[in-house]
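Colleague: Before I ask anything, let me first share the structure, which is written out below as structure tokens.
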Amino acid sequence: MRVAVVTLALALAACTATVGTEVASSGLPPASATAPGPAAQTAPAVPSLTEHEAAVTATLEALAAAFLAGDREAVRPWLADPDSTFGQRWLRRAAAMADVPFSSYTLKLDTSGADLTTATVPGDGGLLVNVLEEHGLVGFDELGPLRERLFLSLEQADDGRWLVAGDTDAERLGLVSADHLWDHGPVVATRRGSLLALHHPEQQGVGTLLDEAERALAVTDERWPLPWPSAVPLLVPADQDELAELLHVTFDLDNFVAFATATPIVERSAVTLSGSRVMLNTDRFLTRPSATRERILVHELVHAASRPSSGLAVPSWLEEGVAQVLGEQRSTTGTSLLSALADSDWGGSLPLDAEFSSGDRDSIFLSYQRAWSFVDFLTDRHGAETVGEFYRAAGQGSVGAPGTAAAVVDRAARDVFGASMDELVAAWRATL
């Protein structure tokens with residue numbers, strides 16, 4: 001499911017799939033679509049965001065500085081009602097951020113899309129604004145900060161300042177504000193070389209996790225053939241329920257153990273996947289043996305290593321196949337593809353993006369098996385470095401060039417392997 005602003009690499013048992021969730025910033029329905037008939041006639045007058053843009057920007061800058069400092073008292077004056085449920089939540093949020101090693105934290109008003117206030121009014125005279133939230137961590141995020149969205153309701157105070165009243169009014173439009181680890185309690189950082197674990201203070205086993213991650217990072221550096229910063233933060237939620245709040249995904253998390261996330265930023269003729277993170281489903285991950293956890297971490301770190309070379313046209317079969325073949329150097333389930341295909345109607349094709357996160361457990365496993373098998377076929381015949389070049393060509397070929405994602409991948413195959421995708425798939429099928 002590649003429709004997105006945040007790319008997620010998901011680990012199923014001992015493997016992962018790339019999917020995405022889209023945070024829309026334009027194309028919203030007009031007010032009449034959400035408030036038809038008499039409701040549209042009785043709706044309160046709404047202020048013009050353009051008229052108040054400077055004041056809203058000043059509010060966001062003040063809040064960003066307070067959050068960066070972890071200063072809850074500096075947040076308080078910018079809340080419409082500090083004693084409300086939302087107000088108390090944001091005061092706790094500020095305190096929980098105090099020990100996070102931020103290199104930067106900004107809140108910027110985004111007026112490039114539709115006017116959210118005209119689509120759904122948070123209250124008489126209020127504003128509903130689209131806010132770009134960015135943060136970086138000290139020693140990390142060389143490719144750029146993590147970029148997410150907050151959709152904030154604002155109310156104007158008597159002195160003319162705009163105060164934040166909530167962050168859920170846009171949900172009726174399908175727009176959900178981002179959640180972070182610090183939205184669920186105090187966060188501390190444990191640093192180990194070029195790795196960083198962000199976790200809650202009471203969590204156990206973080207030292208062991210970092211030991212395993214260090215060994216996995218060494219393996220990743222040895223196997224991944226292209227340059228990358230070789231530094232990535234690990235996010236360790238308290239449990240699967242907290243993970244679900246952070247991801248806001250609609251599929252069942254029970255079979256997924258780890259995620260690799262990043263933000264695609266498209267600027268002119270380049271795509272950058274910034275803010276790379278590895279996120280764990282602790283309920284599923286920590287129950288596995290240490291050797292299995294290390295193998296899963298290698299898989300996720302290969303996803304992170306691929307970020308500088310990736311792009312919007314990279315299909316999930318290539319993303320996941322590379323992570324399995326170059327990262328894990330084995331198939332997902334340990335069973336043969338032929339035995340998996342015997343009871344399925346797979347059609348002799350590569351899996352679609354949606355097939356990595358939809359369907360039952362067996363069908364998802366089969367998608368990983370097909371991806372592993374095809375990329376293993378390419379690696380066996382052309383070598384890991386050439387497959388890495390194919391990945392980079394597919395990733396960087398989608399900006400400023402004509403054609404669909406499939407056309408971009410086909411063009412990359414012709415450039416790197418000297419054969420079309422149809423020819424490569426036919427040759428692979430002939431080996432099964």
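The values are calculated or read from the model by the stated rules, or taken from the named source; none is laboratory data. Everything quoted here is computed from the prediction, not taken from an experiment. In this analysis, Cβ positions are derived from the backbone assuming ideal geometry, glycine residues included, and neighbour counts consider all displayed protein chains. Just so you know, the surface numbers come from the protein's heavy atoms only, side chains and all, with ligands and any DNA or RNA stripped out. Shrake-Rupley method; radii C 1.70, N 1.55, O 1.52, S 1.80 Å.
Colleague: Can you name the residue in region 231-267 that is small (G, A, S) and in contact with a Phe, Trp or Tyr (Cβ under 9 Å, 6 or more places away or on another chain) and, of all such residues, is surrounded by the fewest Cβ atoms within 10 Å (Cβ to Cβ)?
Modeller: Per the criteria, the residue is A231.
Colleague: Follow-up question, since we're still on this one. Given the structure, is W182 assigned to a loop (DSSP other than H, G, I, E, B), among the aromatic types (F, W, Y) and in contact (Cβ under 8 Å) with a residue 60 or more places away in the chain?
Modeller: No.
Colleague: Which numbered condition trips up T220, out of (1) open to solvent by 40 Å² or more (accessible area, probe 1.4 Å); (2) in contact with a helix residue (DSSP H, G or I) (Cβ under 6 Å, 6 or more places away or on another chain)?
Modeller: Result: T220 passes all but (1).
Colleague: For L146, indicate whether it is buried (at least 19 other Cβ atoms within 10 Å of the Cβ) and either aromatic (F, W, Y) or touching a residue at least 40 places away in the same chain (Cβ under 8 Å) (or both).
Modeller: yes
Colleague: Which members of region 161-184 meet the condition of being in contact with an Asp or Glu (Cβ under 8 Å, 6 or more places away or on another chain) and more than 29 Å from D99 (Cβ to Cβ)?
Modeller: W162
Colleague: If you don't mind, there's one more thing I want to ask. Given (1) modelled with pLDDT under 95; (2) open to solvent by 20 Å² or more (accessible area, probe 1.4 Å); (3) touching a Ser or Thr at 6+ places or on another chain (Cβ under 7 Å), identify the lone condition not met by V138.
Modeller: Unmet condition: (1).
Colleague: Restricted to region 250-291, and to residues that are of a type in the set (D, E) and in a loop (DSSP other than H, G, I, E, B), which residue is modelled with the lowest pLDDT?
Modeller: D252
Colleague: Name the residues in region 233-249 that are under 14 Å from the mean Cα position of the chain (by Cα), among the aliphatic types (A, V, I, L, M) and in a strand (DSSP E or B), would you?
Modeller: Once the filter is applied, which keeps residues that are under 14 Å from the mean Cα position of the chain (by Cα), among the aliphatic types (A, V, I, L, M) and in a strand (DSSP E or B), region 233-249 yields L234, L235.
Colleague: Among the residues in region 193-206, are any within 17 Å of L234 (Cα to Cα), open to solvent by 20 Å² or more (accessible area, probe 1.4 Å) and modelled with pLDDT of 95 or more?
Modeller: Within region 193-206, one or more residues are within 17 Å of L234 (Cα to Cα), open to solvent by 20 Å² or more (accessible area, probe 1.4 Å) and modelled with pLDDT of 95 or more.
Colleague: Quick check, is V188 open to solvent by 20 Å² or more (accessible area, probe 1.4 Å) and aliphatic (A, V, I, L, M)?
Modeller: The answer is yes for V188.
Colleague: Can you pull out the residues in region 140-179 that are part of a strand (DSSP E or B) and closer than 30 Å to V219 by Cα?
Modeller: Hits for region 140-179 are L146, R147.
Colleague: When region 83-128 is examined, which residues are found to be more than 19 Å from G185 (Cβ to Cβ), at pLDDT 95 or above, more than 22 Å from the chain's Cα centre (by Cα) and not charged (D, E, K, R)?
Modeller: S84
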